Protein chains: 2
Amino acid sequence: MLDSFPLPDSQHRFVSGEPFSHAEREAVYRAIFTRRDVRGQFLPDAIPDETLLRVLTAAHHAPSVGFMQPWNFVVVRDPARKRRIAEIFARANEEAAMMFPEEKRTLYRSLKLEGITTAPVNICVTCDRNRAGPVVLGATHMADMDLFSSVCAVQNLWLAARAEGIGVGWVSILNETEVKSALGIPEEIRLVAYLCIGKVSGLHASPELEQRGWRQRVSIADVVFDDYWGGVSSLVSKHQTRSVDVTPWLIDPLDSECSGPT
Amino acid sequence: MLDSFPLPDSQHRFVSGEPFSHAEREAVYRAIFTRRDVRGQFLPDAIPDETLLRVLTAAHHAPSVGFMQPWNFVVVRDPARKRRIAEIFARANEEAAMMFPEEKRTLYRSLKLEGITTAPVNICVTCDRNRAGPVVLGATHMADMDLFSSVCAVQNLWLAARAEGIGVGWVSILNETEVKSALGIPEEIRLVAYLCIGKVSGLHASPELEQRGWRQRVSIADVVFDDYWGGVSSLVSKHQTRSVDVTPWLIDPLDSECSGPT
């Protein structure tokens, strides 16, 4: 099943220093820059087992603190369980709407923020904080490193899925205790991410929340510093002189059925 | 500077449904499966500005809760500041060694766990929890989503760096308050990751902690469940019947200077 993407063989101590070709590097950036949080574009088509296994294997090869590998992946396809999660979302989302100032509430309620029942597959990503015993190499001084490891697994999965033509949406408006109860997850295990996964009719060219006017992309000039907090970056001053072009894989319009936000 | 990897243009609502070619997909998996946490293989060679800017731009295009983009990247090249961080590591690492049972302490102390002063560039990745105001879309019920967003940025950076032939090492054995003080980072900003970055003499074919006998790779059969916690996965039962091959980019031995662990 993994014929085309065999895993590293640990008998070899070092990988080759062979650099990525220009085309290979471009492919990695394509996955990164066109990855989207999908909510409304899921198709009901089944995901082939081998595809799902490849993206899970990619997740399982994320970095983890002390090589702890604290993650589990609960692959939810049972419609009844998905409906239960959707109900948990609906309750939380109504609570969430009420937390926003009144002037933002209408826009908030108009946003589609999950595809739990329309996506053919959901994956719940967890963190077992006790997997490596009470003291974990690398987590002695930063206590959240185990949770962060599971997050790295999510991002690996997301980029692998993008390369497979599979969309991923991360649903975080959920009560952790209720989700764990719905999936039989033990109390001591942490919920890290609840992902909706499936083939898509298309992907937004820029984040949906940007297109809908919720928030804008921050300038990279505001997030990169040199040497200390607030240090003006020489990298960024060069960057600001450049215009942004469109790549070939961004120019094809999608079919009309998904031309509007959902 | 970004000529070869232009960014998405938000005037286009949807990206093309054009699938990744087999070669593009393989490139993404190559980055994921051969990414390593680098500690001992850094070369002193400078990283070209355009390369550094590309990997930072990849980080800046990570998913973030409510499109909050809570990250900053402090790019540290000043030797004096790197030495100060190395001292913070040394103190924390001695504390850490004492936390392990005596029988693991010798092995722990023999592991090289950072390349702070040997890597030409360090990048401190942070999270500004107040960037989007007191209520953040998507973070109303899972309070760590902002930290998790910054972690996604780290993983994007790591994979982009892999594609650029740049090694990354995540140093987490650090006292957060001391690091923030060394870099002038305000008290209310959280430290998420301290990364060592540079060209490398080679990469381990499998995680160094596995090669050194600290911990072994968990079987994917133990981390994937179907529908509920503990549910035996049909995906995994198929996987277990497959052997693992070696890909062409894993068979070249490296030059002798880095044939042993450091």
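The values are calculated or read from the model by the stated rules, or taken from the named source; none is laboratory data. Given the structure is predicted, the values throughout are model-derived calculations rather than measurements. Here Cβ is always computed from backbone atoms with ideal geometry, including for glycine, and neighbour counts include all displayed protein chains. SASA here: full protein model, heavy atoms, side chains in, ligands and nucleic acids out. Shrake-Rupley method; radii C 1.70, N 1.55, O 1.52, S 1.80 Å.
Here the range B:234-262 is the region considered, the condition is being more than 7 Å from chain A (Cβ to nearest Cβ) and closer than 15 Å to A:VAL75 by Cα, and the residue that is modelled with the highest pLDDT is B:SER234. Go through (1) outside any loop (DSSP other than H, G, I, E, B); (2) of a type outside the set (A, V, I, L, M, F, W, C); (3) at pLDDT 95 or above and name the single condition B:GLU103 misses. Looking at each condition in turn, B:GLU103 falls short on (3).
Filtered by the rule that a residue be touching a Leu at 6+ places or on another chain (Cβ under 9 Å), among the polar types (S, T, N, Q) and within 30 Å of A:GLU24 (Cβ to Cβ), the range B:125-171 gives B:GLN155, B:ASN156. Of the listed requirements (1) surrounded by 20 or more Cβ atoms within 10 Å (Cβ to Cβ); (2) more than 21 Å from the chain's Cα centre (by Cα); (3) among the basic types (Lys, Arg), A:ARG83 misses just one: (1). Candidates in the range A:180-233 are the residues that are β-branched (Val, Ile, Thr) and within 7 Å of another protein chain (Cβ to nearest Cβ); of these, the one that is surrounded by the most Cβ atoms within 10 Å (Cβ to Cβ) is A:VAL224. Scanning the range A:28-51 for residues that are closer than 21 Å to A:GLY198 by Cα, assigned to a helix (DSSP H, G or I) and within 18 Å of the chain's Cα centre (by Cα) turns up A:VAL28, A:ARG30, A:ALA31, A:ILE32, A:PHE33, A:THR34, A:THR51.
Each residue in the range A:142-178 was checked for being touching a His at 6+ places or on another chain (Cβ under 8 Å), within 7 Å of another protein chain (Cβ to nearest Cβ) and closer than 21 Å to A:ASP49 by Cα, and 1 of them qualify. Residue-level check: of (1) at pLDDT 95 or above; (2) out of contact with any helix residue (DSSP H, G or I) (no Cβ under 7 Å at 6 or more places or on another chain), B:ALA97 misses just (2). Are any residues in the range A:117-172 surrounded by fewer than 24 Cβ atoms within 10 Å (Cβ to Cβ), touching a strand residue (DSSP E or B) at 6+ places or on another chain (Cβ under 7 Å) and assigned to a loop (DSSP other than H, G, I, E, B), and if so, which ones? Scanning the range A:117-172 gives A:THR118, A:PRO120, A:ASP128, A:ARG129, A:GLY165.
Residue by residue, here is whether (1) in contact (Cβ under 8 Å) with a residue 24 or more places away in the chain; (2) in contact with a helix residue (DSSP H, G or I) (Cβ under 6 Å, 6 or more places away or on another chain) holds:
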| residue | (1), (2) |
| --- | --- |
| B:ILE123 | yes, no |
| B:ASP128 | yes, no |
| B:ARG131 | yes, no |
| B:GLY138 | yes, yes |
| B:HIS141 | no, yes |
| B:CYS152 | yes, yes |
| B:LEU159 | yes, yes |
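Going through the range A:60-116 one residue at a time, which ones are under 21 Å from B:VAL136 (Cα atoms) and aromatic (Phe, Trp, Tyr)? Hits for the range A:60-116 are A:PHE89, A:PHE100, A:TYR108. Check A:VAL55 against each of (1) open to solvent by 10 Å² or more (accessible area, probe 1.4 Å); (2) more than 9 Å from chain B (Cβ to nearest Cβ); (3) closer than 22 Å to A:LYS199 by Cα and name the one condition it does not meet. The one condition A:VAL55 does not meet is (1). A:PHE89 fulfils the conditions (1) modelled with pLDDT of 95 or more; (2) open to solvent by 50 Å² or more (accessible area, probe 1.4 Å) except for a single criterion, (2). Among the residues of the range B:65-82, those that are closer than 23 Å to A:LEU235 by Cα and either more than 8 Å from chain A (Cβ to nearest Cβ) or assigned to a helix (DSSP H, G or I) (or both) comprise B:PRO70, B:PRO79, B:ALA80, B:ARG81, B:LYS82.
The residues on offer are B:ARG129, B:ARG54, B:ARG105, B:ARG81, and the sole one that is closer than 22 Å to A:SER172 by Cα and of a type in the set (Lys, Arg) is B:ARG129.
If you go through the range B:102-109 one residue at a time, do you hit one that is touching a Ser or Thr at 6+ places or on another chain (Cβ under 7 Å) and at negative phi? Show your work before the answer.
Just the residues of the range B:102-109 that are touching a Ser or Thr at 6+ places or on another chain (Cβ under 7 Å), to begin with: none.
Checked the range B:102-109: no residue is touching a Ser or Thr at 6+ places or on another chain (Cβ under 7 Å) and at negative phi.
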